[in-house]
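Student: This structure is in structure tokens; I'll ask about it shortly.
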Amino acid sequence: MSPKFPIHKLFRLRSKRQRAPQHPTPLNVEGVAAEPDFPSVLPCELLQAVFSFVHGPTSCAEITHAEKKKICATIIACAQVSRFWRQAARAHSPIWVFALDFQYQSLDTIVDFLHLSKAHCIVVGHRESPLRISRERDVRVLDTLYQFRHRIEEFNIKINPLFVHMTNFLWLLNADNTWDTFRLAGELPLADQEKLLGTRTWGRAANRAPLRRLYLRRSNLALSPSIAFSSLTELSVHDASVPQRLNVSQWIQVLRGATQLQLLSLHDAIKPLTFHPNAWAFNPPKELRNLRLISMGDKKNSIAIQTLTLFCHALLPPNCGIELALPRSLPAYLEAHTAILIRGLVTAITDHFSRTPNFDVFAPQMVFSVPNRPHRQAKYWATLGTVKNPEKALDWNGIAGTKGVLNLLHHTSPTSTPSSPILSIGIPNAKAAQSKWALSLCSSFCRKANSLRLTSLSPPLTWGAWLTTEVMARCCGVTSLVLDEGNVSDCKVILERFEKRPLSFNSDSTTLLLNLRRIVLRDRGEASGGGNEGDDVLQVYLWGFQNLGYHVDIVYSNAAEHSTGKGREAW
């Protein structure tokens, strides 16, 4: 320090924080927002109105998990700007429902946010990321939620079997619960003598509460046929324990009371060897007029194929979409019997969609997709139908959500008609039998298709190349071919397949894609091979086929979207 510096000035120095004007507390003693003393400070009411734009008018159940995480981080950041902002945020109760994170926040923080949110409805977990009970801390959170159970609107929970005996889960089935949505993955700790009690309790809760969405996965809860799901709009039962599976007649009894049902998914939920063609001969149910999509499947038997055939004839309204997962593994003696059942289902699906208004003028867009990821991570080995990426697009309990699925179905009213009927067949493995069944089920759509889309081709048309050939052979009227992740090698293989070649399922020779006029490549960087050299290679192929009488244009995705618009109609 310089010897000329006056020592007495040290006592006058203050930090910047001390020199800055302190904002007044926005709440007075009575809890009413107080007017700030400084005109540069926003009024508390205006600041709280700004906070309302953070989450918007939607609820936690209508947004994706990624959006919820962003909103939560934004709310926490806004509350840390200053003491005035913090007090204003704590006085605005609606935003704290969106700030709750039951999986990662401390128990004290969760209790604080629950009290700050006051009487607003709570969403526990998320459809994409349920609350996982996998440690002692999660058990304490669940016990805390018991005190706020009357405010819970949606409950998403996944239970680890190692922690099922650390607390009492029976309050989840309490008849006093008024939940809108209940999604459960895992088995509840119910003894044999308590399973009947749990079923009865669940029945009383379902009859009393306005339950609209129900999802059970690997659960030991039994749905009694006497339960009247009069308000239920979504029902999903996957991988049910064998003793708790219902037979076909019991499922028909359950659906008889679900008059408002829109989305139905039954995978590994029907007791095998219980199919009776005259299951409702004496008491036929009413047609599920509001049903928009049905998804069925069974990994180890053909009971789902038989049940879907029956539903197509009697229960499904004309505009209802169909998703079917073919069996993954069947004994050799059942494959011939299943092939007969597939022929009956082909007739049923054709008759079902023929009742759709203006079905004769529909020109569906067929999509053949091979997931570009390891087989153990994929739900299906391949999919064939009219929906791109059906694993996500048709999953109302996942990323798409109810709103996304209904938008895909163009659900504006119960009598609305989608732009194209929804049909998706999941092929579980590369066996020829399952692939042949999928082609048969989509045969009527393939004949009417004017556009074919091949997605996730890696490596180019070699992984399942024979199935790709079969798909192109059946889509004989296609004029536009779209290659997602397409490149020069893909185009060369496609153009070479104009030649007559024998097919694996048919010994006769067939000309593929005879009416093709355009190939659309979704990514110019991959399509051009990294420069003009790739374009020159394509032009050589095009000139050669033009000399043979075929006029095919190569269109890149940017040009196609610019000329035809965006969205599904772009290709």
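Student: Order PHE362, PHE182, most accessible first, counting only protein heavy atoms with a 1.4 angstrom probe.
Tutor: PHE362, PHE182
Student: Moving to a separate point now. For labels at ARG289 and LYS379 in the simple 7 Å Cα→Cβ model, what's the distance in nm?
Tutor: 3.0 nm
Student: Length gain on complete extension for the stretch PHE53 to ASN450, per 0.36 nm per residue less the alpha carbon to alpha carbon distance?
Tutor: Gain on stretching PHE53 to ASN450: 138.5 nm.
Student: Counting Lys +1, Arg +1, Asp -1, Glu -1, what net charge surrounds ILE110 among other residues with beta carbon under 14 Å of its beta carbon?
Tutor: Here the charged neighbours net out to -2.
Student: Turning to a different aspect of this structure: Relative to a virtual label point 7 Å from the Cα of LEU273 in the Cα→beta-carbon direction, which members of segment 338-373 show backbone nitrogen distances below 18 Å?
Tutor: In segment 338-373, the label zone of LEU273 (backbone N under 18 Å from the point 7 Å along Cα→Cβ) covers 338.
Student: 7 Å from Cα along Cα→Cβ at both TYR333 and HIS115: what's the point-to-point distance in nm?
Tutor: 6.8 nm
Student: I've got another one for you. Just add up the charged neighbours of ARG245: K/R +1, D/E -1, any other residue whose Cβ is under 11 Å from the Cβ of ARG245.
Tutor: Within the 11 Å Cβ shell, the charges total -2.
Student: Moving on. What does the net charge come to around ILE157 if you take all other residues with beta carbon closer than 10 Å to its beta carbon, with K and R at +1 and D and E at -1?
Tutor: +2
Student: In nanometres, what is the gap between the two model label sites at ARG140 and VAL242, each 7 Å from Cα along Cα-to-Cβ?
Tutor: With each label placed 7 Å out from Cα toward Cβ, I get 4.1 nm.
Student: Once Rh for segment 293-411 is found with the Kirkwood sum over Cα pairs, what is the Stokes-Einstein diffusion coefficient at 20 °C and 1.002 mPa s, in µm²/s?
Tutor: Approximately 136 µm²/s, per Stokes-Einstein.
Student: Stick to Cα atoms and the Kirkwood definition of Rh, then tell me Rg/Rh for segment 97-166.
Tutor: Ratio of gyration radius to Kirkwood radius for segment 97-166: 0.94.
Student: Related question: Which values, in whole Å and largest first, are the semi-axes of the equivalent ellipsoid of segment 131-192 obtained as the square root of 5 times each eigenvalue of the Cα gyration tensor?
Tutor: 18, 13, 11
Student: Between ALA66 and ASN407, what FRET efficiency follows from the Cβ-Cβ distance if R0 is 25 Å, with the result rounded to 0.05?
Tutor: My answer for the efficiency is 0.85.
Student: Rolling a 1.4 angstrom probe over the protein chains, ignoring ligands and nucleic acids, what is the accessible area of MET472 in square angstrom, nearest 10?
Tutor: Its accessible surface works out to 0 Å², give or take rounding.
The values are calculated or read from the model by the stated rules, or taken from the named source; none is laboratory data. These numbers come from a predicted model, not from an experiment. For neighbour counting, all protein chains shown are included, and Cβ atoms are generated from backbone atoms with ideal geometry for every residue, glycine included. The accessibility values were calculated without ligands, DNA or RNA, using every heavy atom of the protein model including side chains. Shrake-Rupley method; radii C 1.70, N 1.55, O 1.52, S 1.80 Å.
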